[in-house]
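See structure below.
Read-outs throughout are calculated quantities, based only on the coordinates presented, and are distinct from any laboratory measurement. Keep in mind that this is a model prediction, so the values were computed, not measured. So basically every Cβ, Gly included, is an ideal-geometry build from the backbone, and we count neighbours across all protein chains shown.
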């Protein structure tokens, strides 16, 4: 006796490059032995390949982790990179069905979303500042002394000197956040970036245990935010190391902590 059954499997459809679909494994059983005689669909296999940009830059052995309307997100051994279709040859754009109108609309939505999020963060910061000021006014009145709202900022600055997130997607002037007399590490990251999460604890430990080092973290949020465009960030993690005088000593792309330590040592000796 033979019986025919169907068991669902999932596979990736490369022709769409953006969705998952369902196929079926058709099997027949003869007594206790099941024999697979037909598979409809293909298995999902992440294939690494090389991508060469129009300007000659290459991403070797890269895997496409996500396709977005304006570009592709690549994962390499050194980190995660966003490559825009406008940077890629026509055959690659055609392969991923690039549509300039859809890309422009997607970018506009991303920018609008980030602007709304930044307004919310700014409002939260304003409310927190008001609460802090009210607290110190109350403290001053309770002690019979004149309130000094600025008294809060001094100890907070000392506490935040070692490690501080200086922006979440909004533009920022890095030079204003460099700590004179210290080696300043600036870490470009995002919460969704695996290599960033791998590198971050080492950077924070370095800053917290070495009084000569300050760590400033820049959350790019996504590839289309103002700060990502301001500093032309296409790959994260990216770490900039500045010496005591505020001069850029080196940049490390990817989760390479050994290279960071090498530049820090160089920055300590004057760069």
**Item:** Pairwise Cα inverse-distance average, inverted: Kirkwood Rh of the stretch 49-104 (Å)
**Value:** 11.3 Å
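If I take every Cα pair under 8 Å that is 6 or more residues apart in the stretch 202-271, average their sequence separation and divide by the length, what percent do I get for the relative contact order?
Details: 65 pairs, mean separation 15.8, N = 70.
Answer for the stretch 202-271 is 23 percent.
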**Request:** Jot down the radius of gyration and Dmax of the stretch 163-271, Cα atoms only, both in angstrom.
**Result:** 12.7, 37
**Message:** Modelling each spin label as a point 7 Å along the Cα-to-Cβ direction, I'd like the residue 191/residue 131 distance in nm, to one decimal.
**Reply:** 1.8 nm
**Message:** As a footprinting exposure proxy, order 206, 101 by other Cβ within 10 Å, with the fewest listed first.
**Reply:** 101, 206
**Cα gyration tensor of the stretch 225-271 - equivalent ellipsoid semi-axes, whole Å, descending** = 22, 14, 5
**Asked** Within the stretch 64-87, what residues put their amide N at less than 18 Å from the label point 7 Å along the Cα-to-Cβ vector of residue 222?
**Response** 65-74, 80-86
**Cut-off 14 Å, label 7 Å out along Cα→Cβ of residue 268, residues of the stretch 165-186 by amide N** = 182-185
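Quote the FRET efficiency, to the nearest 0.05, computed for residue 202 versus residue 90 with a Förster distance R0 of 35 Å and r equal to the Cβ-Cβ distance.
The value I calculate is 0.25.
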**Asked** Could you put 234, 182, 177 in order, starting from the residue whose Cβ has the fewest other Cβ atoms within 10 Å?
**Response** 177, 234, 182
**Request:** Rank by packing, highest mean first: peptides 81-89, 216-224, 113-121, 243-251, with packing defined as the count of other Cβ atoms within 10 Å averaged across residues.
**Result:** 216-224, 81-89, 243-251, 113-121
